[in-house]
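The values are calculated or read from the model by the stated rules, or taken from the named source; none is laboratory data. None of the values given here were measured: they were computed from a predicted structure. Every residue, glycine among them, receives a Cβ derived from its backbone with ideal geometry; neighbour counts consider all protein chains shown.
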Protein chains: 4
Amino acid sequence: MRVAYLGPDGTFTSEAARRAVPGAEGEPLATIPDVVEAVRTGRAPLGIVPIENSIEGSVNLTLDELAFGPVGVSIRGEVTLPIAMHLLVRHGTTLDAVRVVRSQPHALAQCRGWLGRHLPAAERQAATSTAAAAREVAAGDGSVAALGPAVAGERYGLAVLARDVQDHGGNTTRFVLLGTAMAMPTGADKTSLVVFFGEDRPGLLLRVLDEFALRGVNLTKIESRPTKQSLGEYAILIDCAGHVCDARVGEALRSVHRHAAELRVLGSYPRADGLVSVPAAADSDEAYRRAADWYADLLAAVDSPP
Amino acid sequence: MRVAYLGPDGTFTSEAARRAVPGAEGEPLATIPDVVEAVRTGRAPLGIVPIENSIEGSVNLTLDELAFGPVGVSIRGEVTLPIAMHLLVRHGTTLDAVRVVRSQPHALAQCRGWLGRHLPAAERQAATSTAAAAREVAAGDGSVAALGPAVAGERYGLAVLARDVQDHGGNTTRFVLLGTAMAMPTGADKTSLVVFFGEDRPGLLLRVLDEFALRGVNLTKIESRPTKQSLGEYAILIDCAGHVCDARVGEALRSVHRHAAELRVLGSYPRADGLVSVPAAADSDEAYRRAADWYADLLAAVDSPP
Amino acid sequence: MRVAYLGPDGTFTSEAARRAVPGAEGEPLATIPDVVEAVRTGRAPLGIVPIENSIEGSVNLTLDELAFGPVGVSIRGEVTLPIAMHLLVRHGTTLDAVRVVRSQPHALAQCRGWLGRHLPAAERQAATSTAAAAREVAAGDGSVAALGPAVAGERYGLAVLARDVQDHGGNTTRFVLLGTAMAMPTGADKTSLVVFFGEDRPGLLLRVLDEFALRGVNLTKIESRPTKQSLGEYAILIDCAGHVCDARVGEALRSVHRHAAELRVLGSYPRADGLVSVPAAADSDEAYRRAADWYADLLAAVDSPP
Amino acid sequence: MRVAYLGPDGTFTSEAARRAVPGAEGEPLATIPDVVEAVRTGRAPLGIVPIENSIEGSVNLTLDELAFGPVGVSIRGEVTLPIAMHLLVRHGTTLDAVRVVRSQPHALAQCRGWLGRHLPAAERQAATSTAAAAREVAAGDGSVAALGPAVAGERYGLAVLARDVQDHGGNTTRFVLLGTAMAMPTGADKTSLVVFFGEDRPGLLLRVLDEFALRGVNLTKIESRPTKQSLGEYAILIDCAGHVCDARVGEALRSVHRHAAELRVLGSYPRADGLVSVPAAADSDEAYRRAADWYADLLAAVDSPP
């Protein structure tokens, strides 16, 4: 089994790929769209990309590729990883020798406080990824440090000069596993979807949320995103508890389908936190079945055409 | 075709029966429960009973018989009649000779103002129906007047001493046509139902109303009724626009079914006012069909068990 | 202290008046409107009328007088009485001598089953009240029986031939105490109100219920009533938990006031069942006070006109 | 008047600062938190920072600084600018001489398609801003190009080798003007706020949206953001039409205040699009005033303590 992932090797994403599909052969690709495209076209059966960081928020490039790109890719799993940033240097470099700190801009931002206290005079330089920064440090002269994960340090033979230098504890990144089909229901599932609002219709957002709430389907995430046309036109990205195969989720989705300009289901998949959705009695599959039977009997009491 | 109705002959109900099923043979019965029972047991294929007056409100006996009595009867039509009350006397009687006014207590109440102005000294006496009052006047000595419809005066050979003596204009009574099956949808339909609340659950009433509102189904009447157990336990009687065969009504009913202790549909039938229900695009049968097709396609993208 | 009530003496209402204001001097009046009018004009400081029976439903005459009559009367208390119907006869009369049963039509209806089993051949005759029926039995020849409360039998010297002959157990009537001011809050209060719908606006009913639900105010009763204009135009009568002085009730009422054609508060008063309303923390008077303080601070951060 | 802004000079933000406060003296600062801090501490009376791009979405650093940083700063205005990206080079450089393209990573991402078609072999290098990239091009050897706005090219004396190279038309950025007080109401206002959810309470999000919807307050933007504790704990950032001084907005805010763990208003300010909020009659300040008067009269009809 091959898994395409956002490379290079030595990033948090490569670690997530290993955890999502243990034993799989990893295939690092240059960009998020490349990974999504490889899965969409069948060149890779599975793919893994970051989708959300507990501090930075959503990875817009992933969201937009899944939400607004061509269809044919489904989220079929998720993995969350704690993110620990370390100050990585060539062996022998000491803190007072560091003149430059390089990393992906988000990583620089997450360590701003620590850098201000310990390396106030060092120049911050942007890199395209934490792994690229590590590689550049390895190729440099010892006055440059990188901010990145342990795996990047190992990959490029660097020393860890300071551990856990991020300003906020509990930093976590969520990655999604992509394929061409959704996973089967497990009872502890999540569904991701995108609702497109054709016109700026007040009340439509509330209705969409209401459709889920009335059926006891909890939303775990909601976010409005521009649809690339002009400021003010939004799509709503929603994560909800449950699987498209659950009756309550299915009815909510069909209701939203009737009202939205477009509805795209990005996938149903087992939750990383394993939280089981136990619906109220009235929202269970069994209650939906009984109601359907009752209604069929009711229709039998209508006059038939002669 | 025979139509059982609340007799005696000469009441507004007998007139409603004639209008509901022109040319039918009318069969007057003594009480509302007798009419309902005759239809339920098949002794009469159709029945007609009053259900609501624009001034007095619901006819509780009819509501309770349909809502809480044995099942097996459906409302399959409705008729509304303007109610004009006249002062009926034996020929030759003049206003100053009237010492007693008899009628069904509701009729007496509806003419209270007129009686206060024109016959302040006359004794009011209760009768079991307006027709019974007219019959008793015909059998009396000329000092008694009845309040009742023109048809009662004709039936018992009385003179109309004063016309339209009711205090409020626009008095109308609604009658329902009963059978054992519901009528087919016409596009201008109404559905009557009863929702039972098992326990005093705050929020359940609101949910029930919400289920209809979210699907664009208008309610034309709502009324809480005691369920004959103890003060404070209620059922809700609802009339809504549309037919049980309409997709939006069907889904609303199934949702209510999942949440209520019990749900009884009293019938779907053509509205007396002929008002056509034109759903919004998102609430049309076509929108429900498209959503069902979309969902079937979606489920096809879920992994199958190996 | 005088209490006007719906007479004559010997009815359930006279018993309710004694319980509502112990030691008061009762003043029986002929009709419900007479009682309401006496309070409104100040001729009687207090009044008591029946408003709802657990089997028959609302007493429309009372509702309409309070909801649609002139303003100036408030409900300031309520009393509930168990209703037990007895078969009352002249001393010495036996069951097989009874040829006629007289009572108020509702009372006849409530004992229909018993009468069908024990007096199938007796003629049913309408009376204007249970007390009037008892008086007529006392003045009659022994072949007539009355259905009524024990107090009516005592008042007119009749014997009880059969006890508790009503078809349904748990029959209870609710009476309201009228005055010109509302009662002070006790913590276990109820508020009665009437919402007028100017036009047939779909969604307005739902909004009204929502305004209460969102603030955690439970509705104990809801009923649509014709407004005496034409079939289909309704007012909604609502009983809710809480007092107009409670912040959550006050805000709900003001919101309804903004949307309804008219809003009439019939009164706030201690509940007969003594059930204390304990609001959620967010709905407490204290939460409203804190929110008001917070908002005042917020407004202070707006630029002032130069 | 001085305006602190996210520098360096030559960025879109410097242009926005000129438009927001014409004639003001601009003071470029190194980071978004620096600008916010300068306003908060009073070192600069006004500040301007980017908050949202039509393609990239929210500027998380700005949102987090305003939403989760110390209080004391208000949004008091907004400006939107169309974003046009140009390929900037030293005079004389031709397209086939370009070996490296530098820019802020978001700018690189927005031009990915164009670069793929016209400079597939050029290396992409990250810079900390579009202006920094332009400065570095000016200091380089002619084989490096920058992606940036026209103003950056002018600032550093570069030539525009290709115009409007962004992949999507209609790219716009929204900037907010910061101060220590909110702007006065103009009738065409917007309010930005942050609602904190103390625990993962299902239904709270829906309630918050409902509080606005019920009062006819339209939401123009909604976004959930992690609160820096752990993945899954969110705050909701909302932009709504109207001003905190509007009665309907004020009541909605007080209601949210009662239910949320915390509520922070970021500011009320004139909308860049000038769209006037015309409330329905029931949601107008006048309707709120009338309801308050009515309620005051109502309370006067409650018994006073003796």
Cross-chain or 6+ apart pairs with Cβ under 8 Å, segment A:223-234 first and more than 16 Å from D:D273 (Cα to Cα) and more than 7 Å from chain D (Cβ to nearest Cβ), then assigned to a loop (DSSP other than H, G, I, E, B) and modelled with pLDDT under 75: A:T227/A:E233; A:Y234/A:T227
Here are the criteria: (1) in contact with a helix residue (DSSP H, G or I) (Cβ under 8 Å, 6 or more places away or on another chain); (2) under 28 Å from C:E136 (Cα atoms); (3) surrounded by 18 or more Cβ atoms within 10 Å (Cβ to Cβ). Tell me which single one C:A84 does not satisfy. (3)
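Quick one: which of D:G10, D:G23, D:G77 is more than 19 Å from D:T130 (Cβ to Cβ) and either in contact (Cβ under 8 Å) with a residue 24 or more places away in the chain or surrounded by 23 or more Cβ atoms within 10 Å (Cβ to Cβ) (or both)?
Values: D:G10 fails: more than 19 Å from D:T130 (Cβ to Cβ); D:G23 fails: either in contact (Cβ under 8 Å) with a residue 24 or more places away in the chain or surrounded by 23 or more Cβ atoms within 10 Å (Cβ to Cβ) (or both).
Selected residue: D:G77, the only one of D:G10, D:G23, D:G77 that is more than 19 Å from D:T130 (Cβ to Cβ) and either in contact (Cβ under 8 Å) with a residue 24 or more places away in the chain or surrounded by 23 or more Cβ atoms within 10 Å (Cβ to Cβ) (or both).
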Could you please find all residues in segment C:255-306 being out of contact with any His (no Cβ under 9 Å at 6 or more places or on another chain) and hydroxyl-bearing (S, T, Y)? C:S255, C:S284, C:Y288, C:S304
Scan (1) surrounded by fewer than 22 Cβ atoms within 10 Å (Cβ to Cβ); (2) under 23 Å from B:L206 (Cα atoms); (3) among the aliphatic types (A, V, I, L, M); (4) within 23 Å of the chain's Cα centre (by Cα) for the single condition B:A241 breaks and write down its number. (1)
Can you confirm whether C:R43 is outside the structural domain of C:D141 (by TED's automatic domain parsing), part of a strand (DSSP E or B) and at pLDDT 95 or above? no
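Suppose we keep only residues that are in contact (Cβ under 8 Å) with a residue 60 or more places away in the chain and within 14 Å of chain B (Cβ to nearest Cβ) within segment C:162-172. Which one would you say is nearest to B:Q125 (Cα to Cα)? First the steps, then the outcome.
Filtering segment C:162-172 for residues in contact (Cβ under 8 Å) with a residue 60 or more places away in the chain gives C:162-166, C:168, C:170-172.
So of that shortlist, the ones also within 14 Å of chain B (Cβ to nearest Cβ) come out as C:166, C:168, C:170-172.
Working: C:Q166: 24, C:H168: 28, C:G170: 31, C:N171: 27, C:T172: 27 Å.
This residue is C:Q166.
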Restricting attention to segment B:245-257, does a residue exist that is aliphatic (A, V, I, L, M), away from chain A (no Cβ under 11 Å) and touching a strand residue (DSSP E or B) at 6+ places or on another chain (Cβ under 8 Å)? no
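Would you be able to say whether some residue in segment C:173-188 is at the interface with chain B (Cβ under 7 Å from one of its Cβ atoms), outside any loop (DSSP other than H, G, I, E, B) and more than 27 Å from B:C240 (Cα to Cα)? Spell out how you get there, then give the answer.
Applying the first criterion (at the interface with chain B (Cβ under 7 Å from one of its Cβ atoms)) to segment C:173-188 yields C:174.
Filter once more, so that each one left must be outside any loop (DSSP other than H, G, I, E, B): C:174.
Applying the additional criterion that residues be more than 27 Å from B:C240 (Cα to Cα) yields C:174.
Yes - at least one qualifying residue is present in segment C:173-188.
For segment B:189-202, check the following and say yes or no: at least one residue is modelled with pLDDT under 85 and facing another protein chain (nearest Cβ under 9 Å).
If we filter segment B:189-202 for residues that are modelled with pLDDT under 85, which is where we start, we get B:197-202.
Cutting the leftovers down to facing another protein chain (nearest Cβ under 9 Å) gives us B:200, B:202.
The answer is yes, given that some residue of segment B:189-202 is modelled with pLDDT under 85 and facing another protein chain (nearest Cβ under 9 Å).
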Answer from C:A213, C:A159, C:A146, C:A152 - the residue that is at pLDDT 90 or above and either away from chain B (no Cβ under 14 Å) or under 24 Å from the mean Cα position of the chain (by Cα) (or both): C:A159
Could you go through segment A:123-132 and let me know if any residue there is surrounded by 15 or more Cβ atoms within 10 Å (Cβ to Cβ), in a helix (DSSP H, G or I) and touching a Leu at 6+ places or on another chain (Cβ under 7 Å). yes
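Residues in segment B:242-295 that are closer than 17 Å to A:A287 by Cα and either in a loop (DSSP other than H, G, I, E, B) or not assigned by TED's automatic domain parsing to the domain that holds B:V208 (or both): how many? Give the derivation first.
Within segment B:242-295, the subset closer than 17 Å to A:A287 by Cα is B:250-264.
Add one more test, that the residue is either in a loop (DSSP other than H, G, I, E, B) or not assigned by TED's automatic domain parsing to the domain that holds B:V208 (or both), and what stays is B:260-261.
Of the residues in segment B:242-295, 2 are closer than 17 Å to A:A287 by Cα and either in a loop (DSSP other than H, G, I, E, B) or not assigned by TED's automatic domain parsing to the domain that holds B:V208 (or both).
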Residues in segment B:110-119: is at least one in contact (Cβ under 8 Å) with a residue 60 or more places away in the chain, surrounded by 22 or more Cβ atoms within 10 Å (Cβ to Cβ) and either within 20 Å of B:V194 (Cβ to Cβ) or more than 19 Å from the chain's Cα centre (by Cα) (or both)? no
Against the condition facing chain C (nearest Cβ under 10 Å), surrounded by 14 or more Cβ atoms within 10 Å (Cβ to Cβ) and at negative phi, how does D:A260 come out, does it pass? yes
Looking at (1) within 13 Å of chain D (Cβ to nearest Cβ); (2) part of a helix (DSSP H, G or I); (3) hydrophobic (A, V, I, L, M, F, W, C), can you tell me which one A:A16 breaks? (1)
Please find, among A:D167, A:D141, A:D189, the residue that is closer than 26 Å to A:G274 by Cβ and acidic (D, E). A:D189
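Please count how many residues of segment B:281-296 are of a type in the set (F, W, Y) and surrounded by 19 or more Cβ atoms within 10 Å (Cβ to Cβ).
Of segment B:281-296, the ones of a type in the set (F, W, Y) are B:288, B:294-295.
Pick out the ones that are also surrounded by 19 or more Cβ atoms within 10 Å (Cβ to Cβ) and you get B:288.
Qualifying residue count, segment B:281-296: 1.
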Contact list, first residue from segment A:249-274 and at pLDDT 95 or above, second anywhere and basic (K, R) and crowded, with 21+ Cβ neighbours inside 10 Å, beta-carbon distance below 6 Å, six or more apart or interchain, is A:A252/A:R215; A:G267/A:R76; A:Y269/A:R76; A:R271/A:K190
Go through segment B:135-156 and count every residue that is touching a residue at least 60 places away in the same chain (Cβ under 8 Å) and of a type outside the set (A, V, I, L, M). 7
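Would you mind stating whether A:A132 is touching a residue at least 60 places away in the same chain (Cβ under 8 Å) and outside the structural domain of A:G242 (by TED's automatic domain parsing)? If you could, list the steps in order and put the result at the bottom.
Values: touching a residue at least 60 places away in the same chain (Cβ under 8 Å): yes; outside the structural domain of A:G242 (by TED's automatic domain parsing): yes.
When the stated conditions are applied, A:A132 passes them.
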Across segment D:63-85, the tally of residues that are more than 11 Å from every other protein chain (Cβ to nearest Cβ), in a strand (DSSP E or B) and of a type in the set (A, V, I, L, M) stands at 2
Flag if B:A146 is surrounded by 21 or more Cβ atoms within 10 Å (Cβ to Cβ) and either in a loop (DSSP other than H, G, I, E, B) or in contact with a helix residue (DSSP H, G or I) (Cβ under 9 Å, 6 or more places away or on another chain) (or both): yes
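Can you name the residue in segment D:265-280 that is crowded, with 17+ Cβ neighbours inside 10 Å and more than 10 Å from every other protein chain (Cβ to nearest Cβ) and, of all such residues, is farthest from A:L219 (Cα to Cα)? Full working, then the answer.
Of the residues in segment D:265-280, the ones crowded, with 17+ Cβ neighbours inside 10 Å are D:265-272, D:277, D:279.
Still in the running and more than 10 Å from every other protein chain (Cβ to nearest Cβ): D:266, D:269-271, D:277, D:279.
On the way: D:L266: 25, D:Y269: 31, D:P270: 33, D:R271: 30, D:S277: 30, D:P279: 30 Å.
Among residues in segment D:265-280 that are crowded, with 17+ Cβ neighbours inside 10 Å and more than 10 Å from every other protein chain (Cβ to nearest Cβ), the one farthest from A:L219 (Cα to Cα) is D:P270.
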Answer yes or no: is there a residue in segment B:286-294 that is free of Cβ contacts under 8 Å to residues at least 60 places away in the same chain, basic (K, R) and more than 9 Å from chain A (Cβ to nearest Cβ). yes
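Out of B:D303, B:D283, which single residue is of a type in the set (D, E), touching a residue at least 24 places away in the same chain (Cβ under 8 Å) and at the interface with chain A (Cβ under 9 Å from one of its Cβ atoms)?
Numbers: B:D303 fails: touching a residue at least 24 places away in the same chain (Cβ under 8 Å).
Result of the check over B:D303, B:D283: B:D283.
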